[in-house]
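The values are calculated or read from the model by the stated rules, or taken from the named source; none is laboratory data. Nothing here was measured: the structure is a model prediction, and the numbers come from that model. Positions of Cβ are generated from backbone atoms using ideal geometry, with glycine treated the same way; all protein chains shown enter the neighbour counts.
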Amino acid sequence: MAEPLLEIRGVTKRFGGLVATNHVDLDIVEGQTHALIGPNGAGKTTLIGQLAGELRPDAGRIRFGGEDITGLSTPARSIRGLARSFQITSVFREFTALDNVALAVQAHAGSSFRFWRPAGSDPALRTPALEILQAVGLGPRADVSAASLAHGEQRQLEIAMVLATRPRLLLLDEPMAGMGAEESQRMIAFLRGLKGRHTILLVEHDMDAVFALADRISVMVYGRLIATGAPEDVRANPDVRQAYLGEEESP
Amino acid sequence: MTPSRRTVALVAGVLVLGLVPVAAALFNQPFYIDLFRRIMIFAIAALSLDLILGYGGMVSFGHAAYLGIGGYAVGILTHHGVPNGYLQWSLAILASALIALVIGAISIRTSGVYFIMITLAFTQMLYYLGISIEEYGGDDGMRLARRSQFPGVIDLSDATAFYYLVLGILVLFLFLSHRIVNARFGMVIRAARSNEARTLAIGFAPYRYKLAAFVIAGAMGGVAGALLVNHTEYLTPEFMHWTRSGEIMFMVILGGMGTLVGPLVGALVLLLLEDVLSAWTVHWQIILGPFLVLVVLFGKRGLVSLLPGGAGRG
């Protein structure tokens, strides 16, 4: 069997007495959408933070595309194709939507020690950025400042920035957070369009979204992965039902 | 695309500055050449600070260091019998850039209050170094025997010629800054100011870019220092006093951070008010203080934001 795109082995993170990530082993296979679910405070975002390089694990290794990236910085991981969206929307608020995406393109277009040519009229940055904005449905809003976009649009913009880095693996931390029902449906439809073409690790609370999108699901409780498998197996797993899905009716 | 009002204001301001020597000759008031030359020199210093403060989000509370380094580069060479302006100004730029590289390499690893305190501490070190070197006048400073010499090109002892040179350098730096902040390089430091976590996550390592901006700002500040010592014809450690750093920072905040015209407006308003009020009463700071507080309170983005249509980009 081919080597997984992302290999997490024994990753552990402690905050004082709290073990936020407890010996997590996980493989993400190229081309799959892998959902990570679990109750609030289970440590999902902490794990994403360690994958993106914002947090250093206390123990364990992370391999990406066959390379050990445990010690690499966040930008170095981004350059290798790991891209993340944040649970709390994180965009460049003072810049237009198009500027935001063009910056993400620029970050992956070689050195930015270029002092003369205006970036705002550089087709090498603007053309791909506009294409991506159109793909996520923000084309008409390209020249609106990010701060003036509606919440759902800002989330779409974040996805556009993630895509603009031409990632091999998308780490999406609750992309539907704070969205209305209709916006969520649109985002699910959009993410479904990415399925297969991109490898995705999706943290999400919205079970409809998870079961609609995921090829595999891992369940995290108190920093530990208690189950990983196909959606129907996870849904049927008694531990999972007790720990997490317990209060929900089986659909 | 129609030019923004801010650009119009900038061009109008530069044109008015160009007419100052004509008006001064007309009304026989050579003093104004002196006053506006000083204003423009501080505008250059404030512009260089704005590159890192307004665009790069680096609150350097030690920018007067480069006024001092530029001033000492000229003063020391003149003192040792080297009045050649090309050598002096090259030394001013190189020494400022080098010291900015050292200060920046250390301070940019920190942020917030620590960044402010480290930049302040470095400048205080340089200030006390200036005080302690008796050879160059120590605490009292020393007179500059003659202005920088550019034989056959320009004579700085001609007040009007020197004035237009300063104006030319100001316009050149405004243009260079405009290119820099809108180029890919400028976009990185502005992005890092806007949202550091996002900047890292999309793949930028902003440290190198911020450091380069810090060095560019230092070099520009060094030019302002070389101009200032030629203007005052007197070298003193007071160039590097922390209140001077505060004054330059205030010009940027007063005029409008992260704009090109802001530092010019700030230098104009602050130094003109100082001039007018101090002629009127010795207690002028009692009037200036509350005015500055009001501007900061009500024009949060500086005087530039009070221009009609000034809230836009540019």
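Just name the residue that is farthest from the other protein chains (Cβ to nearest Cβ) out of those in region A:81-100 that are out of contact with any strand residue (DSSP E or B) (no Cβ under 9 Å at 6 or more places or on another chain) and closer than 24 Å to A:ALA119 by Cα.
A:LEU98
What number of residues within region A:1-28 satisfy the criterion of being under 22 Å from A:ALA76 (Cα atoms) and at pLDDT below 95?
The total comes to 2.
So which residues in region B:136-147 are closer than 22 Å to B:SER90 by Cα and either outside any loop (DSSP other than H, G, I, E, B) or under 20 Å from the mean Cα position of the chain (by Cα) (or both)?
Across region B:136-147, the qualifying residues are B:TYR136, B:MET142, B:ARG143.
Could you check region B:234-252 and list, in sequence order, the residues that are within 19 Å of B:ARG193 (Cα to Cα) and either of a type in the set (Asp, Glu) or crowded, with 24+ Cβ neighbours inside 10 Å (or both)?
Answer for region B:234-252, where residues must be within 19 Å of B:ARG193 (Cα to Cα) and either of a type in the set (Asp, Glu) or crowded, with 24+ Cβ neighbours inside 10 Å (or both): just B:VAL252.
From the list B:SER48, B:SER111, which residue is hydroxyl-bearing (Ser, Thr, Tyr) and under 17 Å from the mean Cα position of the chain (by Cα)?
Being hydroxyl-bearing (Ser, Thr, Tyr) and under 17 Å from the mean Cα position of the chain (by Cα) holds for just one of B:SER48, B:SER111, which is B:SER48.
So A:ASN22 passes all but one of these: (1) within 22 Å of A:ALA59 (Cβ to Cβ); (2) assigned to a loop (DSSP other than H, G, I, E, B); (3) in contact with a Ser or Thr (Cβ under 8 Å, 6 or more places away or on another chain). Which condition number does it fail?
Every listed condition holds for A:ASN22 apart from (2).
Quick check on my filter: what residues within region B:41-57 are over 20 Å from B:ILE93 (Cβ atoms) and either modelled with pLDDT under 95 or outside any helix (DSSP H, G or I) (or both)?
Listed by number, the list holds a single entry, B:GLY57.
Determine, yes or no, whether B:VAL265 is over 26 Å from B:LEU120 (Cβ atoms), part of a helix (DSSP H, G or I) and out of contact with any Cys (no Cβ under 8 Å at 6 or more places or on another chain).
Numbers: over 26 Å from B:LEU120 (Cβ atoms): no; part of a helix (DSSP H, G or I): yes; out of contact with any Cys (no Cβ under 8 Å at 6 or more places or on another chain): yes.
It is false that B:VAL265 is over 26 Å from B:LEU120 (Cβ atoms), part of a helix (DSSP H, G or I) and out of contact with any Cys (no Cβ under 8 Å at 6 or more places or on another chain).
Hey, among the residues in region A:101-116 that are at the interface with chain B (Cβ under 7 Å from one of its Cβ atoms) and exposed (fewer than 14 other Cβ atoms within 10 Å of the Cβ), which one's nearest to B:ARG190 (Cα to Cα)?
Looking at residues that are at the interface with chain B (Cβ under 7 Å from one of its Cβ atoms) and exposed (fewer than 14 other Cβ atoms within 10 Å of the Cβ), I get A:PHE113.
Out of all the residues in region B:13-25, which are over 15 Å from B:GLY255 (Cβ atoms) and either outside any helix (DSSP H, G or I) or of a type in the set (A, V, I, L, M) (or both)?
Listed by number, the residues that qualify are B:LEU15, B:VAL16, B:LEU19, B:VAL20, B:VAL22, B:ALA23, B:ALA24, B:ALA25.
Looking at (1) surrounded by 22 or more Cβ atoms within 10 Å (Cβ to Cβ); (2) away from chain B (no Cβ under 14 Å); (3) closer than 20 Å to A:LYS44 by Cα, can you tell me which one A:LEU169 breaks?
The single condition A:LEU169 does not satisfy is (2).
Here is a check on your reading of the model: is A:GLY16 more than 9 Å from every other protein chain (Cβ to nearest Cβ), small (Gly, Ala, Ser) and exposed (fewer than 14 other Cβ atoms within 10 Å of the Cβ)? Before the answer, list the steps.
Values: more than 9 Å from every other protein chain (Cβ to nearest Cβ): yes; small (Gly, Ala, Ser): yes; exposed (fewer than 14 other Cβ atoms within 10 Å of the Cβ): yes.
It is true that A:GLY16 is more than 9 Å from every other protein chain (Cβ to nearest Cβ), small (Gly, Ala, Ser) and exposed (fewer than 14 other Cβ atoms within 10 Å of the Cβ).
If I ask for residues that are more than 18 Å from A:GLU30 (Cβ to Cβ) and touching a residue at least 40 places away in the same chain (Cβ under 8 Å), which ones from region A:184-207 would you list?
Correct list: A:ARG186, A:PHE190, A:VAL203, A:GLU204, A:HIS205, A:MET207.
Residues that are at the interface with chain A (Cβ under 8 Å from one of its Cβ atoms) and more than 11 Å from the chain's Cα centre (by Cα): find the helices (runs of 4 or more DSSP H) completely inside region B:190-255 holding 1 or more of those.
B:196-201, B:206-232
When A:ARG235 is evaluated against the numbered criteria (1) among the basic types (Lys, Arg); (2) in contact (Cβ under 8 Å) with a residue 60 or more places away in the chain; (3) over 30 Å from A:ALA107 (Cα atoms), which criterion, by number, is the only one it fails?
(2)
Results for (1) within 14 Å of chain A (Cβ to nearest Cβ); (2) more than 30 Å from A:SER145 (Cβ to Cβ); (3) surrounded by fewer than 16 Cβ atoms within 10 Å (Cβ to Cβ); (4) in contact with a strand residue (DSSP E or B) (Cβ under 9 Å, 6 or more places away or on another chain), shown as yes or no for each residue.
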| position | (1), (2), (3), (4) |
| --- | --- |
| B:GLN149 | no, yes, no, yes |
| B:ASP155 | no, yes, yes, yes |
| B:VAL166 | no, yes, no, no |
| B:ILE169 | no, yes, no, no |
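Restricting to region A:81-118, name every residue that is in a strand (DSSP E or B) and within 11 Å of B:ARG198 (Cβ to Cβ).
A:ARG84, A:SER85
If you go through region A:117-151, how many residues are loosely packed, with under 14 Cβ neighbours inside 10 Å, within 18 Å of A:MET187 (Cβ to Cβ) and within 13 Å of another protein chain (Cβ to nearest Cβ)?
0
May I ask you to verify whether B:LEU174 is touching a residue at least 24 places away in the same chain (Cβ under 8 Å), assigned to a helix (DSSP H, G or I) and either crowded, with 22+ Cβ neighbours inside 10 Å or facing another protein chain (nearest Cβ under 8 Å) (or both)? Steps first, please.
Numbers: touching a residue at least 24 places away in the same chain (Cβ under 8 Å): yes; assigned to a helix (DSSP H, G or I): yes; either crowded, with 22+ Cβ neighbours inside 10 Å or facing another protein chain (nearest Cβ under 8 Å) (or both): no.
For B:LEU174, the condition - touching a residue at least 24 places away in the same chain (Cβ under 8 Å), assigned to a helix (DSSP H, G or I) and either crowded, with 22+ Cβ neighbours inside 10 Å or facing another protein chain (nearest Cβ under 8 Å) (or both) - is not met.
Restricting the search to region A:67-80, which residues are more than 12 Å from chain B (Cβ to nearest Cβ), in contact with a strand residue (DSSP E or B) (Cβ under 9 Å, 6 or more places away or on another chain) and assigned to a loop (DSSP other than H, G, I, E, B)?
Selection gives A:ILE69, A:THR70.
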